[in-house]
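Shown next, in structure tokens, is the structure this report addresses.
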Amino acid sequence: MRALSPRAWPMAFKVPLFVALLMAGLALVIGQVVLHRLSRDQERHLAELASAYLDGVSTAVLPAAIRRDVWEAFEALDRARDRYRGIAIVVAIVTEPSGTVLAASAPRLFPVGSVLPEPLLARFPDGDRLVIDAAAERGFIARELREGEIAVGRILVELDIAALIAERAEVRLALVAVNAAIAVLLAAAGFWLVRRMLAPLSILRAHVAAGEDGAMTPVPEVVIARQPPEFAALFRAFNRTARALAEREAMAARLAEEEKYALLGKLASGLAHEVNNPLGGLFTAVDTLSRHGADPEVRQRTLALLRRGLADIRTVVRASLVTAKERPGQGALRPEDIDDLRLLVRHEAERKGIRLIWRNDLAGELALDRTMVRQVVLNLLLNAVAASPEGSTVSLAAQIVDGSLRVTVADSGGGLPPWARHVLAHPEEGPPTGGGLGLWTAARLARALGGRILVEAAPGGSRLGLAAPIAGEPALAA
Amino acid sequence: MRRRDVSRRAVVTALPMVVLGGRAAAREPLRLGLTPVFLDSDLALLRALEAYLGRATGFAPELVKRRTYQEITALLLAGRLDAAWICGYPFVEHADRLALVAVPLHRGSPLYRSYLIVPADSGAERLEDLRGTTHAFSDPASNSGYLVTRHRLLLDGERPETFFARSFFTFGHRNVIRAVAAGLADGGSVDGYVWEVMARREPAIAGATRVLEASEWFGFPPIAALAAQRRSPAVEALARALVAMPQDPLGREILAVLDLDGFVPGEPILYAGIAAMRERLRAEG
């Protein structure tokens, strides 16, 4: 439907069509003027010829009409028949004052002494006016025959104007043919011209379209040099924009990479701490074993201690391995994936004496990319821990709300600054300068999950939450 | 073909006259009146006739034409013409003052007839069928073109004015044929000789008509002169030239066009039939 709308038509079609329509309109107007002038000139010319004919014939017929001489009148009409060029007489009739026919050039149709039929008589105007009946291709003119003041008869002439009508038709046909040819030529020229003028646009479109799959490539300078100045300027502006975009993309990628390393650093430090914690106990257990290993009860207890400590280390290592190695798209989200994060932030929290309140209501697998969800939540947790004062609490709540995963992290950090809100609302504007990279990463990933970061004010702090729709679950309108 | 021959010959033979122009003024004129009893509309023929007469008579011929018979007759009677080719009717009308100069021979005899003609597609079969129609006459002073038909109607107790719805004169036999051919008239009275010549020379016109009735034979329209001038040198020269026409090449050409065999001196008795008709009509008033 939209393709049929004139707005959707290509310029290369619209412009020639407009030109052709304009020409057709112009041709119509000119044609009307020409035909009107032609008809008027033809009729004037014919009227002059008819008048000249009547001048000649009436001079010859007048004496015959006065004498009511049938033969003289007939002969005058007969002689005049072929004498006047450019005028085709259908019939010429001389009538007497009584209205009866004195003589006619076609005596069999209008016999001497007969009365002309009223419909025919009515077609002849008074005076020397020529009346044209274009449909019947006939002209009618009549003249009174007078001797002084006395009417002695009337000459009625019916003319064949088929030649005139044919000429008009020929002129009309010629006008239509010529104008149609001009319109088609102009339309073709318009089509060619517009195509030529719009050719740079297709080059630009190809370069812009390339940006959908990757970076936009600048238009080569060789190509630009061939374009008209307007398009050259446009292409150069495009190239500047493409370069700026590419630079920004590169910077964002670099920043994201750096953020990842920063995160890794933090994780590594947390990991070391988590591993170090049981290590003291493990060494003590090893000492105890070496000293009192003979005592089965002590050995039993110490080995259990050793196993627990090693299990703790294994859990921590496994959690960090998942975070560090996994790539997006490698599995559905499980409740443990959220719980693992607690281990990763525990060291940071404990360092500041922050108490973690953990509430995970998830059960079973969710059709969500676990790597991305974990990265978002980890970022939110680290941000909350960093923002909260020492000895305060940071709480996490994971649940399903209206078919969406909702993971909320509340802190006591005294609220979110305006720039941070802006970064969360508009991650597409690029990474912020001077901090907040974690929030920006979280917002970007939330978008990638089809969701967003919810920001709520909470007493004494703020509450940030990931809201991500679960594929396959009926999401209610939020 | 013949016409062209005549006109070319006419030009050739007329040349000496032009050359002798100075002396031509000194030559006595020969004034000959012509009426439409023959095809006087053929100008080439008239030139040839003038050329022949100029050479054969030694006079300077002057061919005089008028619209009606009456005008020529009046000129002749007034002595303004040496002779005139008139109809038998005016000849008998003025028989006391006129004398014959020569009478044409048509198909071997000095006689001709009057034809009653109608359009070729007319349904008329006899004169009675023309009652109440439009009729074309040649000339009120014409025997074949008026008198004969008037007399014919008289025998039936009719008069042209009442028998025909209307009638008109065309002042020429050729015009009568044209009027009937065009349908201007439903019938016409015409010189039979002229009709025959027309049928040969202008079949497109004469062919559009057909002969309804032919009259009895009458004396052919003669060349006449005032009786008082019949013996004048000009008239005598004319009479000789006419009779001698078949002996001259140009004369023969002219005769061929006219479909005549020649001219004979003739006798007034030839016109007794016309005179009788005239008498009867006069008696009826």
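Here, each number is a calculation from the coordinates, and none is a lab measurement. Just so it is clear, the structure is predicted and the values come from calculations on it, not from any experiment. Note that we place each Cβ from the backbone using ideal geometry, even for glycine, and neighbour counts take in every protein chain shown.
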Checklist entry - ³J(HN,Hα) across the range A:119-134 via Karplus (A = 6.51, B = -1.76, C = 1.60, θ = phi - 60°), whole Hz, x for Gly/Pro? => result x, 5, 4, 5, 7, 8, x, 6, x, 8, 6, 9, 10, 9, 10, 5
Checklist outcome for this item: For the range B:114-215 (alpha-carbon point model, no solvent) the Debye-based log₁₀ I(q)/I(0) at q = 0.18, 0.22 Å⁻¹ works out to -0.71, -1.09
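So what are chain A's ellipsoid semi-axes, whole angstrom, largest first, if each one is the square root of 5 times an eigenvalue of the alpha-carbon gyration tensor?
Values: eigenvalues 2599, 110, 62 Å².
Largest first, chain A gives 114, 23, 18 Å.
If each residue's Cβ is checked for other Cβ atoms within 10 Å, how do B:VAL257, A:VAL377 rank with the fewest at the top? Provide the component values of the computation, followed by the final result.
Details: B:VAL257 21, A:VAL377 24.
Sorted ascending by nearby Cβ count, the order is B:VAL257, A:VAL377.
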Checklist outcome for this item: Expected sort for B:150-162, A:80-92 on mean C-beta neighbours within 10 Å, highest first, is A:80-92, B:150-162
Checklist entry - What are the ³J(HN,Hα) values, in whole Hz, obtained from phi via the Karplus relation 6.51 cos²θ - 1.76 cosθ + 1.60 with θ = phi - 60°, for each residue of the range A:382-392 in sequence order, with x given for Gly and Pro? => result 4, 4, 5, 5, 5, 7, 7, x, 5, x, 8
Next on the checklist: Compute the angle between helix B:2-19 and the longest alpha-carbon principal axis of chain B, please, reported from 0 to 90 degrees and rounded to the nearest 10.
Outcome noted: 40
Checklist entry - Just how far, in whole angstrom, is the range B:215-247 from the range A:367-386 if you go by their alpha carbon centroids? => result 151
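With N set to the number of residues, divide the alpha-carbon radius of gyration of the range A:1-124 by 2.2 N^0.38 Å and report two decimals.
Values: Rg = 26.9 Å, N = 124, 2.2 N^0.38 = 13.7 Å.
The reported ratio for this selection is 1.96.
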Checklist outcome for this item: Residues meeting the amide H criterion for B:SER167 (H placed from the backbone, H to H distance under 5 Å, 5 or more places apart or on another chain) are B:HIS135
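Any chance you could list the semi-axes, whole Å, largest first, of the equivalent ellipsoid that the Cα gyration tensor gives for chain B, using √(5λ)? Don't jump to the answer; show the numbers that get you there.
On the way: eigenvalues 226, 94, 44 Å².
Value: 34, 22, 15 Å, ordered largest first.
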Checklist entry - Tell me which aspartates and glutamates have Cα within less than 16 Å of A:LYS14's Cα, excluding those fewer than 8 residues away on the same chain? => result none
Item to check | Angle in degrees between helix A:162-213 and the longest Cα principal axis of chain A, rounded to the nearest 10 | outcome: 10
Checklist outcome for this item: When chain B is treated as a Gaussian network with springs between alpha carbons less than 10 Å apart, the largest mean-square fluctuation among B:ALA78, B:ALA124, B:ALA141 is found at B:ALA78
Item to check | Among A:ALA425, A:VAL176, A:ALA458 the positive-end extreme of the charge dipole of chain A (Cβ point charges) | outcome: A:ALA458
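Could you work out the relative contact order of chain B, using alpha carbon pairs under 8 angstrom and six or more residues apart, expressed as a whole percent? Spell out each step's value before the answer.
Working: 566 pairs, mean separation 78.2, N = 285.
Dividing the mean separation by the residue count of chain B yields 27 percent.
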Checklist entry - Counting Lys and Arg as +1 and Asp and Glu as -1, each charge on the Cβ, what is the dipole of the range A:332-478 about the Cα centre in debye, to the nearest 20? => result 240
Checklist entry - For the range B:81-152 and the range A:36-101, what is the separation of their C-alpha centers, rounded to whole Å? => result 33
Checklist outcome for this item: Cross-link reach from B:LYS65 to aspartates and glutamates, straight Cα distance under 12 Å and at least 8 residues apart if same chain, gives B:ASP40
Item to check | For A:ILE354, distant residues with modelled amide H under 5 Å away | outcome: A:GLY391
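Order these peptides, A:249-255, A:43-49, A:15-21, by their mean beta-carbon neighbour count within 10 angstrom, highest first.
On the way: A:249-255: 12.9, A:43-49: 15.6, A:15-21: 17.3.
Result, highest mean Cβ count within 10 Å first: A:15-21, A:43-49, A:249-255.
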Next on the checklist: If I model a spin label as a point 7 Å beyond the Cα along the Cα-Cβ vector, how far apart are those points for A:ALA8 and A:LEU22 in nm?
Outcome noted: 2.7
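Which value, to two decimals, describes the C-alpha radius of gyration of the range A:332-478 once divided by 2.2 N^0.38 Å?
0.99
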Next on the checklist: Could you tell me the relative contact order of chain A? Use alpha-carbon pairs under 8 Å, at least six residues apart, and round to a whole percent.
Outcome noted: 9
Item to check | From phi via Karplus (6.51, -1.76, 1.60), per-residue ³J(HN,Hα) for the range A:360-365 in Hz, x at Gly/Pro | outcome: 10, 8, 6, 9, x, 6
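Averaged over B:174-182, how many beta carbons belonging to a partner chain fall within 10 Å of each residue's beta carbon? Walk me through the intermediate numbers first.
Numbers: counts 0, 4, 1, 0, 4, 8, 1, 0, 9.
Mean shielding count: 3.
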Next on the checklist: List the residues, sorted by chain then number, that are 5 or more residues from B:ARG31 or on another chain and whose placed amide H is less than 5 Å from its amide H.
Outcome noted: B:GLU62, B:ASP82, B:ALA83
Checklist entry - Among A:SER388, A:SER290, B:SER122, which comes first, then next, by fewest other beta-carbon atoms within 10 Å? => result A:SER290, B:SER122, A:SER388
Next on the checklist: Once you compute Rg and the Kirkwood Rh from C-alpha atoms, what is the Rg to Rh ratio for the range B:67-136?
Outcome noted: 1.11
